[in-house]
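The values are calculated or read from the model by the stated rules, or taken from the named source; none is laboratory data. Predicted model, so just to flag it, every value in this text is computed and none were measured. Heads up, the Cβs are rebuilt from the backbone with ideal geometry, glycines too, and the neighbour counts pull from every protein chain shown.
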Number of protein chains: 2
Amino acid sequence: MDFNELRKDYLLDRWVVIATKRARRPTDFAIKEKKQQSKTDTCPMCPGNEHMTPPAVLLYLKKGKALQKTRDRNGVRSREWLIRVIPNLYPAFTPPSSKTEARRIGRSVGLANAVGHHEVIVESPCHDEHPAGAGSQQLLYVVNAYLDRLRALSRKPYVKYVSIFRNHGLEAGASLSHAHSQVIATPFIPKTVEEEMKASKRHFEKKGRCVFCDILAKESKSPRFIVQNSDFVAFAPYASVNPMEFWVVPKKHQATMLEMSLIEAKAFARMLKTCLSGLKQLVNDPPYNYGFHLALDRKARKYYHWHLEVYPKLTTWAGFEKSTGVYINTVTPETAAETLRAKLKNCPKS
Amino acid sequence: MDFNELRKDYLLDRWVVIATKRARRPTDFAIKEKKQQSKTDTCPMCPGNEHMTPPAVLLYLKKGKALQKTRDRNGVRSREWLIRVIPNLYPAFTPPSSKTEARRIGRSVGLANAVGHHEVIVESPCHDEHPAGAGSQQLLYVVNAYLDRLRALSRKPYVKYVSIFRNHGLEAGASLSHAHSQVIATPFIPKTVEEEMKASKRHFEKKGRCVFCDILAKESKSPRFIVQNSDFVAFAPYASVNPMEFWVVPKKHQATMLEMSLIEAKAFARMLKTCLSGLKQLVNDPPYNYGFHLALDRKARKYYHWHLEVYPKLTTWAGFEKSTGVYINTVTPETAAETLRAKLKNCPKS
């Protein structure tokens, strides 16, 4: 069997990928000092080093004035790419090798195969072209690559959710500093998203409205509002668990990013750049994580509303947070929003 | 009003303390470099520096051969202590100043006062007397201090839970390196413990047995077993979310540590030292967090079973974990247990 194990906690409805395929010895931790690979090291994501990675599953190539979407074939690695999507060398989730292996998750058993996909989206040929400083065309390519992989992976019969996320900086878990995002397709809906879905379904059944549309209406006029453009609003959520946390939410009710028009995708790319460059200037390029929440299930389309959650990594969750699931945040969301708003006044408008 | 705010997420049943009382400006993060205070700095927990902290709420003093339990009175700080428990200078939860202020948490409103207590247990007058290397008598004092504060705080009418936890090392969130634990008393049962309680209640109603007693019977004979003594078993849980995670569980069915006999408390202190010194030797004194899970509610006594969860801090939870609530663990619990067992063979027996 070629899968990692998905195991459920004795009591909690919480799943963990036990990465048996890349299992490490505990002593590895003692020897290895954490160090982010630098530009001067050989970066496997930089142009010219394509042989250091598996063949690309998606490439954006520049052909004259046109953009060509393709993939590496027969093991030959293409050059001159603008976006390069590759399988993760140490995948947490792996595709089934035969139809019989794509088993459904068994909650009662507490064990399943970690069937799915785990990919890396190299966001630019330029090592340091992170969203806060990326060219607007390049950032639009990144957003389009998110959409292309979301579309392709969500069609697989064994995929129930597609998590698209980004780790920025060593302290936020990015071991490679080349600008990149990751995509993990899972055979179940993750705990946090599932809880959100249940609650938003209850809200819809009770009030006949999408809870996120209600939140948006309220936070657009609250002291937690940060910035908006034609199609998106950014605000610091009322019960932020991370200092300086903010969310980007589409004004239109949409369950997934796949419902975005090209104009909306452009507006989203601009909003992402605006907020991340504001954060970068305000807190001196802090480490952060971001992740999309979305609904693939048709039934959820009425009541679920996709959004991006951005978690700056400015504190350490310690014994209290980890053992209780209760959080302590030393920056109020109102302060987070106020300082980001003030910083954005001095930034180019989106 | 002199409370921090407790806020509930829009959708998740997840609470956060918005620490308005110790609110920081976002720019603080940019300026401040994280640095653990060293022995050579003035340590507010070291003997002679008692004036740097609030008066102690509990002191163990050595009086000849007897141990005296007392507290600082009239602002005079006692010296020559063995254990010193003080209010946290920047408390997340604070006691009510009048009866009317001790309001119950309102889940529907999503807002409450962070009523409770937040204390620091200074574990030894010796700066570096951490559990892995502590004298057995001193470690028994620490365990007794846990019990004394648990007993005292759980009697308060506005306290629904008492979380006792320890952060070891800067990467695990310990900004002060003097050996210490913390106690937080909350006006509600925290999310993770509540979920465990609900599931263990369901198990009891279905099978007539405590789920932890069942887990213990199984894991005592599984490849995840680490070590046992007269009254306690240590094992790596089946779905560990942290590399090298282990739990210490009492063999007797007990809902809280308050049910321990003195002999059992001694056995617990020995087990704690055995496991933490094994971890220290195996992974070169890694940062870790630990936290107790327990039940104060009489009704839960039948089906809930207290235990200690120890989380070594060897990886960084990144965008995937934070946005989905699904975890990736690169050390299998079986490997964790096997390597800890092997290391403990060379350690003094507990």
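Things worth noting here:
- Residues that are surrounded by fewer than 19 Cβ atoms within 10 Å (Cβ to Cβ), outside the structural domain of B:L140 (by TED's automatic domain parsing) and farther than 30 Å from A:G116 by Cα occur in the range B:318-341; there is at least one.
- Search result, residues across the range A:283-316 that are without any contact (Cβ under 8 Å) to a residue 12 or more places away in the chain and at positive phi: A:N284
- Scan of the range A:293-320 for residues that are among the aromatic types (F, W, Y) and farther than 23 Å from A:T332 by Cα, ordered by number: A:Y303, A:Y304, A:W306
- Of the residues making up the range A:306-335, those that are hydrophobic (A, V, I, L, M, F, W, C) and either more than 17 Å from B:E5 (Cβ to Cβ) or touching a strand residue (DSSP E or B) at 6+ places or on another chain (Cβ under 7 Å) (or both) are A:W306, A:L308, A:V310, A:L314, A:W317, A:A318, A:F320, A:V326, A:I328.
- Against the list (1) within 9 Å of chain B (Cβ to nearest Cβ); (2) in a loop (DSSP other than H, G, I, E, B); (3) within 17 Å of A:P190 (Cα to Cα), the condition A:V331 fails is (3).
- Yes/no for B:L276 being under 28 Å from B:L176 (Cβ atoms) and touching a Phe, Trp or Tyr at 6+ places or on another chain (Cβ under 6 Å): no
- The strands (runs of 3 or more DSSP E) located wholly in the range B:108-222 that include 3 or more residues which are among the hydrophobic types (A, V, I, L, M, F, W, C) and within 12 Å of chain A (Cβ to nearest Cβ) occupy B:161-168, B:180-186.
- Some residue of the range B:270-279 being of a type in the set (A, V, I, L, M, F, W, C), under 22 Å from B:V159 (Cβ atoms), within 16 Å of the chain's Cα centre (by Cα) and not assigned by TED's automatic domain parsing to the domain that holds B:V143: no
- If you go through the range B:235-276 and pick out every residue that is free of Cβ contacts under 8 Å to residues at least 60 places away in the same chain, closer than 15 Å to B:D214 by Cα and not in a loop (DSSP other than H, G, I, E, B), you end up with 2.
- Applying the condition of being surrounded by fewer than 21 Cβ atoms within 10 Å (Cβ to Cβ) and within 18 Å of the chain's Cα centre (by Cα) to the range A:281-291 and asking which residue is farthest from A:N167 (Cα to Cα) yields A:P286.
- Residue pairs whose Cβ atoms lie under 7 Å apart, separated by 6 or more positions or on different chains, with the first residue in the range A:198-209 and of a type in the set (D, E) and the second outside any helix (DSSP H, G or I), do not occur.
- Which listed residue is on the phi > 0 side of the Ramachandran plot, surrounded by 18 or more Cβ atoms within 10 Å (Cβ to Cβ), touching a strand residue (DSSP E or B) at 6+ places or on another chain (Cβ under 8 Å) and not aliphatic (A, V, I, L, M), from A:G116, A:G110: A:G116
- Looking only at residues in the range B:223-241 that are out of contact with any strand residue (DSSP E or B) (no Cβ under 9 Å at 6 or more places or on another chain) and away from chain A (no Cβ under 14 Å), the one that is farthest from A:V17 (Cα to Cα) is B:S230.
- Any hit, the range A:271-280, residues being surrounded by fewer than 21 Cβ atoms within 10 Å (Cβ to Cβ) and among the aliphatic types (A, V, I, L, M): no
- Of the residues making up the range B:295-309, just one is of a type in the set (A, V, I, L, M, F, W, C) and either surrounded by 24 or more Cβ atoms within 10 Å (Cβ to Cβ) or touching an Asp or Glu at 6+ places or on another chain (Cβ under 6 Å) (or both), namely B:L308.
- Positions within the range A:289-326 being assigned to a loop (DSSP other than H, G, I, E, B), more than 9 Å from chain B (Cβ to nearest Cβ) and at pLDDT 95 or above, in sequence order: A:L294, A:A295, A:L296, A:K302, A:Y303, A:Y304, A:H305, A:W306
- Some residue of the range A:56-70 being modelled with pLDDT of 85 or more, in contact with a strand residue (DSSP E or B) (Cβ under 6 Å, 6 or more places away or on another chain), in the same structural domain as A:V115 (by TED's automatic domain parsing) and in a loop (DSSP other than H, G, I, E, B): yes
- Scanning the range B:272-288 for residues that are under 18 Å from B:M257 (Cβ atoms) and either among the basic types (K, R) or within 9 Å of another protein chain (Cβ to nearest Cβ) (or both) gives a single hit, B:K273.
- Inspection of the range B:162-170 identifies at least one residue that is more than 14 Å from the chain's Cα centre (by Cα) and either among the β-branched types (V, I, T) or over 18 Å from B:P47 (Cα atoms) (or both).
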